[in-house]
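The values are calculated or read from the model by the stated rules, or taken from the named source; none is laboratory data. None of these values were measured; they are calculated from a predicted model. Here Cβ is always computed from backbone atoms with ideal geometry, including for glycine, and neighbour counts include all displayed protein chains. Surface areas here come from the heavy atoms of the whole protein model, side chains and all, with no ligands, DNA or RNA. Shrake-Rupley method; radii C 1.70, N 1.55, O 1.52, S 1.80 Å.
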Amino acid sequence: MANNSLEITLRPYRPSDAEDFLTYAGDEKVTQFTRWNTFTSKEEALSYIKDFCIPHPYCRSICIHDRSIGFLFIKPQGGDDKCRAEVGYALATEYWGQGIATRAVKMAISDGFKELTDLVRMQALVLVENRASQRVLEKLGFYKEGLLRKYTFHKGAVQDVFMYSLLFSDSMP
């Protein structure tokens, strides 16, 4: 059930987010669908925030009352592929099923298309088993382009993924 009364914000990560980040990045229920391995220490979380999140062009903390409850990135491609960007996200389990990921991704997409002027396409690769993430994208008007068979290594096994896309010219709910 969507909880629209919770005010969510997106902001750049700060080193002080390490403990909150570890809450979700250290949870195997969350990381089972991410490219990261489950984090095991605050130091590891802090290193990731400093080395990846802070220098990244668009990596944001999904926040409620300025407390980090999730992770979201838009990764623009370079060169001749600068017209597209990859979208990824993760959310603490206690916030699943409340519409928060959908609202956060919608905010980020709006920001991304404004800030990244060459961008005409946002895309996401989603593991076939990750039905919740598929629903997030579908609610936002992403088009399910198809199944990419045996496309990527994930947690030690070659996996199938769905490719989703949203074009700048598409209408978003």
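Here are the numbers for this structure:
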read-out	value
Answer from Leu22, Leu72 - the residue that is touching a Lys or Arg at 6+ places or on another chain (Cβ under 6 Å), open to solvent by 30 Å² or more (accessible area, probe 1.4 Å) and either in contact (Cβ under 8 Å) with a residue 12 or more places away in the chain or not in a loop (DSSP other than H, G, I, E, B) (or both)	Leu22
Which numbered condition Gln98 fails, given (1) closer than 24 Å to Ile49 by Cα; (2) open to solvent by 20 Å² or more (accessible area, probe 1.4 Å); (3) not in a helix (DSSP H, G or I)	(1)
Failed criterion for Gln123 (all others in (1) in a helix (DSSP H, G or I); (2) open to solvent by 10 Å² or more (accessible area, probe 1.4 Å); (3) under 20 Å from Met163 (Cβ atoms) hold)	(1)
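Residue by residue, here is whether (1) of a type in the set (Phe, Trp, Tyr); (2) loosely packed, with under 13 Cβ neighbours inside 10 Å; (3) over 16 Å from Glu86 (Cα atoms); (4) without any contact (Cβ under 8 Å) to a residue 60 or more places away in the chain holds:
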residue: Arg131; (1), (2), (3), (4): no, yes, yes, yes
residue: Gln134; (1), (2), (3), (4): no, no, no, yes
residue: Gly141; (1), (2), (3), (4): no, no, no, yes
residue: Lys144; (1), (2), (3), (4): no, no, no, yes
residue: Thr152; (1), (2), (3), (4): no, no, no, yes
residue: Asp160; (1), (2), (3), (4): no, no, yes, yes
residue: Leu166; (1), (2), (3), (4): no, no, no, yes
